[in-house]
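Each value in this text was obtained by applying a stated rule to the coordinates, not by laboratory testing. Predicted, not measured: the structure shown is a model, and the values here were computed from it. Here the Cβ positions follow ideal geometry from the backbone for every residue, glycine too, while neighbour counts run over all protein chains shown.
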Amino acid sequence: MLSNNVRVNLKKMRMNGIRRYWATPAILVLAFLLGGCPPAKEAAKVEPPKPAQKKPAVPEIELNIASINLSRIAKRIELEDIRRFAGELRKESIDILAMEGVSRYPGVETRVDIVDELARQAEMRTAFGETIALSGRQSGNAIFSAFPVTSSQNTPYDRIASTNFEAALQAVIDCGAREVVLVSTLLPERASANDLNVCADRLSSLAVTYVDRPMIIAGNLPRSDVVRRVSNFDASKIMREDASQQFWFTADGSLRLRSQRVVRTELGMMSIAQFDVYKQSPP
C-alpha cells in the first residue's frame with residue numbers, strides 16, 4: 001500500500017500536469033485578444049476616369065485687317081504716294097483694307113483715281129460706297145481685298161443731324177473657309193450722343209442682315225462702352241490718339257482678335273488687327 005506521503009505527491013503531480021495542460025491554450029487566447037486581429041488588407045483605391053481634355057478650337061484662317069482714314073489728309077495724293085502705300089500693304093501682309101473718307105475724281109485726267117490705282121498696284125479687288133458726288137469729285141468709303149468680293153452694299157445713316165451723308169459700306173468677302181463681312185464707315189465728327197446711338201443701332205442691324213457671317217466694322221467708331229454694348233459687338237483698343245481707327249467685331253465666338261498695332265504710312269496712320277476666323281460659331 002502507498003503511504004500517505006506518496007499519495008499526496010502523486011496528487012500534486014496530477015494537478016500540476018492539468019494546470020500545465022490548460023495554461024498553454026489560455027496564454028495563446030490571451031495573446032490573441034491583447035494583440036487584436038491582424039489588419040485587413042486595404043482595398044485598392046479606384047481613381048475615377050479623368051474627363052477628356054477639350055481640344056482648343058483651331059481657326060480656319062487668319063486675316064490681317066487694316067483701316068485708314070483719309071478725310072484729314074492735307075496733301076494731294078499722287079501716283080507715287082499710291083505706289084508706296086501699296087508697298088506698305090504688301091510689307092504688312094494686309095488681306096483686307098478699309099479706307100474711309102476717300103475723295104476720288106473719276107474721269108478727271110489730271111487727277112489719279114486712288115481706288116482704281118491702288119487696286120491695280122496692290123492687286124486687290126475693290127468696293128466703293130459713295131456718300132457725296134459734286135463737280136466731278138466723289139466722296140465715300142472703300143474696301144480693298146485680296147479675296148473675292150461677292151457682293152457689296154452702301155447703307156446711309158438716317159435720322160442724324162450731319163449733312164455729310166455718312167454711310168456704312170459693307171462687302172461680303174469669300175475667304176475660302178468662310179465668308180466674312182467687312183464694313184467701312186466714317187461717322188460724323190463731333191456727333192451728338194443721340195447721333196452716335198443712331199449710328200450704333202444701324203450698325204447693329206447689319207449683323208442681323210448678315211446672319212451666320214462674322215462681321216468686322218472699321219472706322220472712327222464711338223469709344224463709349226455704352227454705345228458699343230448697344231451695338232452687340234466686341235471692340236479693339238485705341239492704340240494711339242493720332243490713329244482714331246477702331247475695329248468692332250461680332251461677339252459670337254466666330255472671330256478672335258489676336259493682335260493689333262499702328263503703323264505710319266505715306267497716307268497717314270494705319271491701324272492693323274489680326275483676326276482668327278473659325279469655320280463655325282459655337283452653339
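The table below gives the values:
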{"item": "Residue-wise HN-Hα coupling along region 111-124, computed from phi with Karplus coefficients 6.51, -1.76, 1.60 (Hz; x: Gly, Pro)", "result": "10, 7, 8, 5, 5, 5, 5, 5, 4, 6, 5, 8, 6, 10"}
{"item": "Mean projected area in nm² (Cα convex hull; one quarter of hull surface) for region 61-277", "result": "11.2"}
{"item": "Gain on full stretching of the segment that runs from residue 262 to residue 116 - 0.36 nm per residue minus C-alpha separation", "result": "50.1 nm"}
{"item": "Karplus 3J(HN,Hα) series, Hz, for region 63-70 with 6.51 cos²θ - 1.76 cosθ + 1.60 (x for Gly, Pro)", "result": "10, 9, 10, 10, 9, 9, 10, 9"}
{"item": "Extended-chain gain in nm, criterion 0.36 nm per residue less alpha-carbon gap, residue 150 and residue 62", "result": "29.7 nm"}
{"item": "In sequence order, calculated HN-Hα J values of region 156-164 (Karplus, 6.51, -1.76, 1.60; Hz; x Gly/Pro)", "result": "x, 8, 8, 6, 10, 6, 5, 10, 8"}
{"item": "Summed residue charge, Cβ within 10 Å of residue 263's Cβ, Lys/Arg positive, Asp/Glu negative", "result": "+1"}
{"item": "Where labels lie 7 Å past Cα in the beta-carbon direction, separation of residue 213 and residue 165 in nm", "result": "2.5"}
{"item": "Chain lengthening between residue 189 and residue 123 when straightened (0.36 nm per residue, less Cα-Cα)", "result": "20.5 nm"}
{"item": "Built amide H within the under 5 Å cut-off of residue 73, gap 5+", "result": "none"}
{"item": "Among 122-134, 167-179, 151-163, the order from most to least packed when residues are scored by Cβ within 10 Å on average", "result": "167-179, 122-134, 151-163"}
{"item": "Point-to-point label distance, residue 108-residue 130, nm (Cα→Cβ direction, 7 Å offset)", "result": "1.4"}
